[in-house]
Amino acid sequence: MLPSAPRDDDIIELPPQGSPAPPRTPFRYIAHYLRAGLVVPVVGMALLISISTALETLQPYFLGQLIGTLTNPPTDADPARVVPWFAALCTTWLGGYLFAHLYNSYAHMKLTDLRLRMQDEMFGYLHGHAPRYFMDNASGGLVQKIRQAGNAAHVIIDYLCSNIVRLSVMFAITITMIVNQAPDMLLPFGIFMIVFTAIAAFTAQRFRHAAKDTAKTAADVVARMVDSVTNWDVVRSFARAVYERATMRPLSAAERAAQLKLRFSVSAMRVTLHILSVGFLAWLAWQSLESAVAGTMTVGAFATVMMLSFMVATSIRSLGDNLFVYFEYYGILSETLTTILAGHEIVDAPDAKPLRITGGAVSFEHVSFSYGDGTPVFIDFSLSIQPGERVGLVGPSGAGKSTLIKLLRRQFTFESGRIVIDGQDITHVSWDSLHDCVAEVPQNPSIFHRSVSENIRYSRPDAPESEVIAAAKLAHCHEFIASRPEGYDSIVGEKGMKLSGGERQRVAIARAFLKNAPILILDEATSSLDSEAEHLIQDGLLTLMKGRTVIAIAHRLSTIAHLDRIVVLDRGRIAEQGTHRELLEVGGSYAKLWQRQAGGFM
Ligand code: ADP
């Protein structure tokens, strides 16, 4: 039994291609999730941590009352008078701990959900990018960023709740208690809080760029490392492990410099805030001590103020201790959002409709295109292909054959002209529907590190087993798949490494059979096959071509000589076109090429 691939309807619907990206700054991005249902969990988290902090902050008060009751005469009165304070103290001890624990569990559960939702959304958005984006960004770095971003949001929200909310609640309760116990201290305490908050907010603002730099340098290191590991074979064959390590060093040095810069800045901020808070709290304690000695403050109130001071100092310290982690993750999230959520280059037009194939006519009309480095590949290029016509594209390397195919699949935006399929401009149909109608067997087929059956099924995940096997038989894959102990369940290795080049190409051909698309592109589809394998699947390819519009690129002319028309491209222009026989009669570049290949065979 072949394992079935996930069905489309099991998967959360993605917004249409080119939908506006979510906001690209960390707080606006988190707010986007708050609007999308995260408000209740975050309010719940803030509530739990507030209750826990409130219970904790009440402990000094109850302890103060207990001491006051013990030290105020008459001390020999009914000992039961201390019981309520003692009970309250125990309740707050236990309650504070329990609510902190509840907060941790609830936060973990909800923030894990958030992390996975973010990952899902970013992963979906990433796949909407055009090829140019993937050419400019190393894939290892992208994956690492998506994984880390969810973690970063988790850490940031947790930090805000367990440090900022906690400290705010603590300050609020402390103020209330000071008003109660030592009203003279209220003004200095208020001034301290304003100065403290202003310094913290001002410096935090300034660290954002340093944090983003840190994340970027770290991502560069990962991208380079993944690139190196992906090409392990080349590294080995040129014995370049030492070279690889050496070229990593400048990147690691840049990461180190950025890390240190951030760490030193954060440390300076931490020390400033700590000196400020410890200095103030020591002064507060001294004032209370003087009042207690002078007898204007009870011993109980003194104990309360002292303990509160210690508690606030400890919380401020923990806020500072976690500050570096906070900024590190802030930078990671910020850098990820900028990279992953960059605008999509290819977007569906607002009125985009699914492409409807009636016959499969393809026409390039006055198309001009360059890759952006200024060198034009096509200038005012036109070519019409009739429904069901099979066209061979030949020409020297660099003539623009593959680019033409990429433009047909709308992988790049072209400067002018249009490409029309059955009367519909491809820029006005949805990108997915365009790909649904075009099957391509590329020169170097991409194979997933999954089972061979999942690889074939990729073109139609819900295809029944019988059709997968039928497609494999037509592409002459069945023989080599069946000969493996695991059969269709064999895992083919990264990039199909456990298959030969010819086997990979046959899997790609089987995929195309299964896709059954009306337009077929063969880009050197048989280039990796030995003569025997090629002979085996030529019949299969002929069957595949039946009733479809075909564009086949080939260097080996024998593989396309039988097609309806051959178009010879040279530097982005049509140099010659006609049937094989016509072109031989003309005696132009095609005829010369044919001669050179000694009748089509090298
Ligand atoms: P062919 O398939 O006929 O060998 P291509 O279509 O691959 O030719 O390339 C046409 C021209 O475009 C070449 O000059 C090539 O260097 C250039 N080219 C191809 N891909 C890119 C790219 N991604 N970025 C910049 N230039 C490219």
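The values are calculated or read from the model by the stated rules, or taken from the named source; none is laboratory data. Every value quoted in this text rests on a predicted model; they were computed, and no experiment measured them. All Cβ positions, even for glycine, are placed from backbone atoms using ideal geometry, and neighbour counts span all protein chains on display. Accessible surface areas use protein heavy atoms only, side chains included; no ligands, DNA or RNA. Shrake-Rupley method; radii C 1.70, N 1.55, O 1.52, S 1.80 Å.
Here's the yes/no breakdown for (1) more than 33 Å from the chain's Cα centre (by Cα); (2) in a strand (DSSP E or B); (3) within 13 Å of the ligand (Cβ to nearest atom); (4) surrounded by fewer than 19 Cβ atoms within 10 Å (Cβ to Cβ):
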| position | (1), (2), (3), (4) |
| --- | --- |
| P396 | yes, no, yes, yes |
| A399 | yes, no, yes, no |
| T403 | no, no, yes, no |
| L407 | no, no, yes, no |
| G417 | yes, yes, no, yes |
| V420 | yes, yes, no, yes |
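Being within 7 Å of the ligand (Cβ to nearest atom) and of a type outside the set (A, V, I, L, M, F, W, C) is the filter; apply it to the stretch 373-389 and report the residue that is least open to solvent (accessible area, probe 1.4 Å).
Here is the first cut: in the stretch 373-389, the residues within 7 Å of the ligand (Cβ to nearest atom) are 373, 375, 377.
Restricting the remaining residues to those that are of a type outside the set (A, V, I, L, M, F, W, C) gives 373, 375.
On the way: D373: 115, T375: 85 Å².
Looking at the filtered set, the residue picked out is T375.
Go through the stretch 466-493 and give me each residue that's touching a helix residue (DSSP H, G or I) at 6+ places or on another chain (Cβ under 8 Å) and acidic (D, E).
The answer is E467, D489.
Report yes if some residue within the stretch 341-352 is touching an Asp or Glu at 6+ places or on another chain (Cβ under 7 Å) and within 16 Å of the ligand (Cβ to nearest atom); otherwise report no.
At the first step, the residues of the stretch 341-352 found to be touching an Asp or Glu at 6+ places or on another chain (Cβ under 7 Å) are none.
No; the residues of the stretch 341-352 include none that is touching an Asp or Glu at 6+ places or on another chain (Cβ under 7 Å) and within 16 Å of the ligand (Cβ to nearest atom).
Is it fair to say G392 is within 19 Å of L522 (Cβ to Cβ), assigned to a loop (DSSP other than H, G, I, E, B), open to solvent by less than 30 Å² (accessible area, probe 1.4 Å) and not polar (S, T, N, Q)?
On the way: within 19 Å of L522 (Cβ to Cβ): yes; assigned to a loop (DSSP other than H, G, I, E, B): no; open to solvent by less than 30 Å² (accessible area, probe 1.4 Å): yes; not polar (S, T, N, Q): yes.
Considered against the rule, which asks whether it is within 19 Å of L522 (Cβ to Cβ), assigned to a loop (DSSP other than H, G, I, E, B), open to solvent by less than 30 Å² (accessible area, probe 1.4 Å) and not polar (S, T, N, Q), G392 comes out as no.
Taking Y103 as the residue in question, decide whether it is in contact with a helix residue (DSSP H, G or I) (Cβ under 6 Å, 6 or more places away or on another chain) and either assigned to a helix (DSSP H, G or I) or away from the ligand (no atom under 16 Å from the Cβ) (or both).
Working: in contact with a helix residue (DSSP H, G or I) (Cβ under 6 Å, 6 or more places away or on another chain): yes; either assigned to a helix (DSSP H, G or I) or away from the ligand (no atom under 16 Å from the Cβ) (or both): yes.
When the stated conditions are applied, Y103 passes them.
Restricting the first residue to the stretch 287-309 and requiring it to be free of Cβ contacts under 8 Å to residues at least 12 places away in the same chain, which pairs with a second residue that is in a helix (DSSP H, G or I) meet a Cβ separation below 7 Å and a spacing of at least six or different chains?
Pairs found: A292/V299; A292/F302.
Which residues, counting only those in the stretch 236-269, are in contact with a Phe, Trp or Tyr (Cβ under 8 Å, 6 or more places away or on another chain) and either of a type in the set (A, V, I, L, M) or modelled with pLDDT under 85 (or both)?
Once the filter is applied, which keeps residues that are in contact with a Phe, Trp or Tyr (Cβ under 8 Å, 6 or more places away or on another chain) and either of a type in the set (A, V, I, L, M) or modelled with pLDDT under 85 (or both), the stretch 236-269 yields L262, V266, M269.
Which pairs turn up if I take residues in the stretch 387-408 that are within 19 Å of I346 (Cα to Cα) and look for partners that are more than 6 Å from the ligand (Cβ to nearest atom) and assigned to a loop (DSSP other than H, G, I, E, B) with beta carbon separation below 7 Å, at least 6 apart in sequence or on another chain?
K406/F412; L407/F414
Condition check ((1) surrounded by fewer than 20 Cβ atoms within 10 Å (Cβ to Cβ); (2) in a loop (DSSP other than H, G, I, E, B); (3) at pLDDT 90 or above; (4) assigned by TED's automatic domain parsing to the domain that holds F381) across all residues:
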{"position": "S433", "(1), (2), (3), (4)": "yes, no, yes, yes"}
{"position": "N444", "(1), (2), (3), (4)": "yes, yes, no, yes"}
{"position": "D462", "(1), (2), (3), (4)": "yes, yes, no, yes"}
{"position": "I481", "(1), (2), (3), (4)": "no, no, no, yes"}
{"position": "R506", "(1), (2), (3), (4)": "no, no, no, yes"}
